[in-house]
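Visitor: Handing you a structure now.
Please treat every number below as a calculation from the coordinates, not as lab data. All values reported here derive from a predicted model rather than from experimental measurement. Positions of Cβ are backbone-derived with ideal geometry, glycine not excepted, and every protein chain shown enters the neighbour counts.
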């Protein structure tokens with residue numbers, strides 16, 4: 001079965017918090033039946049978001065994944081996908097404390113599937129340009145479409 005599956009990797013601190021909350025929650029559940037809240041927090045921290053295309057059924061879905069199990073509702077993949085766009089943008093995360101707030105901005109690269117002139121499906125997000133183009137070429141060969149490189153000021157077709 002041909003599938004394209006992507007799940008966004010979790011930061012190391014979310015992994016540590018998630019596994020610690022799960023372990024402590026399981027311990028409290030075994031000893032005193034009070035660990036449900038911590039298990040729920042652990043699941044929240046370990047939950048990954050992603051995207052999946054099933055080429056045999058020609059469907060796609062946005063997924064939530066935990067421990068390798070994917071959840072999400074499938075939609076039919078549009079038949080008229082025109083091209084794949086790879087472009088650079090920024091992602092802003094707001095960090096808050098009691099009396100302070102800071103915005104952290106990171107450059108990211110997104111891969112979108114365009115159809116019906118201007119409608120898009122966001123398929124992949126990464127920090128690595130080479131990784132984005134590797135996935136774009138993989139998808140373009142499976143969908144038989146062109147790739148638009150919009151990571152520079154001048155867009156070009158590949």
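Visitor: Students often check this: by mean Cβ neighbours within 10 Å, which of 45-53, 140-148 ranks highest, and how do the rest follow?
Guide: Values: 45-53: 18.3, 140-148: 14.6.
By packing density, highest mean first, the sequence is 45-53, 140-148.
Visitor: What is the helix-to-structure angle for 129-143, meaning the angle in degrees between its Cα long axis and the longest Cα principal axis of the chain, kept from 0 to 90 and rounded to the nearest 10?
Guide: In the chain, helix 129-143 runs at an angle near 60 degrees to the longest axis.
Visitor: Further, regarding this structure: Roughly what % of Cα-Cα distances in the chain sit above 21 Å, to the whole percent?
Guide: Working: 7130 of 12403 pairs.
Percent of Cα pairs beyond 21 Å in the chain: 57.
Visitor: OK, next. Evaluated at 10 °C with a viscosity of 1.306 mPa s, what Stokes-Einstein diffusion coefficient in µm²/s does region 1-77 have when Rh comes from the Kirkwood expression over alpha-carbon pairs? Mind dumping the intermediate values first?
Guide: Details: Rh = 13.8 Å.
The Stokes-Einstein estimate is 115 µm²/s.
Visitor: Once the principal axes of the Cα atoms of region 78-158 are found, what is the range along each, listed largest first in whole angstroms?
Guide: 52, 24, 22
Visitor: Ok, one more. What's the extension gain from residue 44 to residue 153 if we count 0.36 nm per residue and subtract their Cα-Cα distance?
Guide: Computed gain between residue 44 and residue 153 is 35.4 nm.
Visitor: Moving to a separate point now. Rg/Rh for region 1-44: what does it come to with C-alpha atoms and Rh from Kirkwood?
Guide: Working: Rg = 14.2 Å, Rh = 11.6 Å.
With Rh from the inverse mean 1/r over Cα pairs, Rg/Rh is 1.22.
Visitor: Helix 12-32 sits at what angle to the longest principal axis of the chain, using alpha carbons and giving 0 to 90 degrees rounded to 10?
Guide: 40 degrees
Visitor: What's the angle, to the nearest 10 degrees (0 to 90), between helix 36-46's Cα axis and the longest principal axis of the chain?
Guide: Its long axis makes an angle of about 30 degrees.
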